[in-house]
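Peer 1: Sharing a structure here in structure tokens format.
The values are calculated or read from the model by the stated rules, or taken from the named source; none is laboratory data. Predicted model, so just to flag it, every value in this text is computed and none were measured. Don't worry about glycine lacking a Cβ; one is built from the backbone with ideal geometry, like all the others, and counts go over all protein chains shown. Just the protein is used for accessible areas: all its heavy atoms, side chains included, with ligands, DNA and RNA removed. Shrake-Rupley method; radii C 1.70, N 1.55, O 1.52, S 1.80 Å.
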Amino acid sequence: MEKQDELRRSKRIALGFFIGAAALFVISLLLPYTWWTGLLRAFSEAAMVGALADWFAVVALFRRVPIPIVSRHTAIIPSNKDKIADNLALFVREKFLDTDSIVGLIRRHDPVQKVAEWLVKPANTELMGAHLVRAATFMLDFIEDAAVQNFIRRGVHTMVNSVDLSKSSGAILESLTRGRRHQELLDEGIRQLAHLLDNADTQDYIAQGIVEWLKEDYAFIEKMLPSDLIGRKGADIAVRLAAGVLNKVAADPEHPLRHRFDDYVAGFIERLKGDPAFLARADDVKRYLLEDETVNTYLGSLWAELKAWLKRDLESEDSRLRVRIVAMGAWIGKVLSEDPALRQSLQENLEAAARGVAPEFAGFLTRHIADTVKQWDDREMSAQIELNIGKDLQYIRINGTIVGGMIGVTLYLLSHLPALLN
């Protein structure tokens, strides 16, 4: 409304100048003819001609003027909308979006340096962290829970379907045992078993087991023997024998039990890769993971639990995520500010990216500008242009009135120059 009021006001001023020139012309006709009234008439006549000519020029830009012969050269803007659209898009592309201009813009402003200078200030990193936390909170409320839960469930199902559990387990074990690394596992097992046998509770458990065995299988003889003593001695003998075997295996890298362990592991790996029984069990596991209601309910609840944790953290005063974001921003700023080579590398990569993206981006944007302008209504486009620049165009009419009058005065003086000289 403000622009419309300004346009109407400027039109009234221009019209006022024309009416003033017309009034002077009428006055010059009513007054007796003298040199001065002739001068006034010449000024007013030329002023009216200039005002009308410039009025026609301005109006012809936006709408059709029904004057024979010349009317086809009016309504210039509506009639040439497509040309204007193409030329405007081409102008924007050549003057603003060409590759050299964009690269030059990056070089002038040095965005990497400015980012580094901005991030090294603690207040800025705190501000960035606060904005990112608010954005993350908004996104959590915006995201549809059911869609994310379905996405997680489909992703896990796809991953499970694509994995051959039996063969994959075999390949993993084969990789883990390469270079006899599984022998380290055997050594650890020996150490743990030796520690277990050296425990008093374990020895008491073995002795009690021997006593119970005597009572069950040799009840009559057990009553005549000191079963508790036999149990303790038997446990001591068993522990010593087992410890002796374990010590020999631990001390001898080439012990036969180690080789038997190697053979067992190799055979187990081969069975994992090709044994139908193992393959069937792997398929059962996959089927369970895919179809079990408890597993699928758990998968669906993962997002709800993660979302609840994220919201609690983001809403707390000492949000761990915000602290990490702030720390990361400060670290990035510090590294960039202290490493000129890194800044130069990033700057060069940014320029290279601009060179690669600029042509495609410029083409897309210019096509968008041209297509958008072409879709505008002719009258609406003309009205919008007039609304935005029409106020300034009215000064053409005002200037035309004044300049026309001055030309009229000049021509009048030139025509009377011989008489003035005499």
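Peer 1: I'd like to know how segment 1-108 sits against the 2.2 N^0.38 Å rule of thumb: what's its Cα Rg over that expected value?
Peer 2: This ratio for segment 1-108 stands at 1.73.
Peer 1: Compute, for Met406, the solvent-accessible surface of its heavy atoms (probe 1.4 Å) with the complete set of protein chains present, and express it in square angstrom to the nearest 10.
Peer 2: Rounded to the nearest 10, the figure is 110 Å².
Peer 1: A further question follows. Please list, ordered by chain and number, the residues whose modelled amide H lies under 5 Å from the amide H of Arg64; skip anything fewer than 5 residues away on the same chain.
Peer 2: Amide H neighbours of Arg64, under 5 Å, 5+ apart: Ala75.
Peer 1: Ordering Tyr33, Tyr395, Tyr205 by accessible area with a probe of 1.4 Å, largest first, what comes out?
Peer 2: Descending order: Tyr205, Tyr33, Tyr395.
Peer 1: How big is the accessible area of Leu417 in square angstrom, nearest 10, if you roll a 1.4 angstrom probe over the protein chains?
Peer 2: Surface accessible to solvent at Leu417 totals approximately 80 Å².
Peer 1: Take the Cβ-Cβ distance between Lys334 and Lys374 as r, set R0 to 35 Å, and report the resulting FRET efficiency rounded to the nearest 0.05.
Peer 2: E between Lys334 and Lys374, to the nearest 0.05, is 0.10.
Peer 1: What's the magnitude of the charge dipole for segment 360-422 around its Cα centre, counting Lys and Arg as +1 and Asp and Glu as -1 at the beta-carbon? Answer in Debye, nearest 20.
Peer 2: 300 debye
Peer 1: A further question on this structure: Find the eigenvalues of the gyration tensor of the Cα atoms of segment 318-422, then list the square roots of 5 times those eigenvalues as equivalent ellipsoid semi-axes, largest first, in whole angstrom.
Peer 2: Largest first, segment 318-422 gives 64, 25, 18 Å.
Peer 1: For segment 328-407 and segment 301-317, write down the distance between their C-alpha centroids in whole Å.
Peer 2: For segment 328-407 versus segment 301-317, the Cα centre distance is 42 Å.
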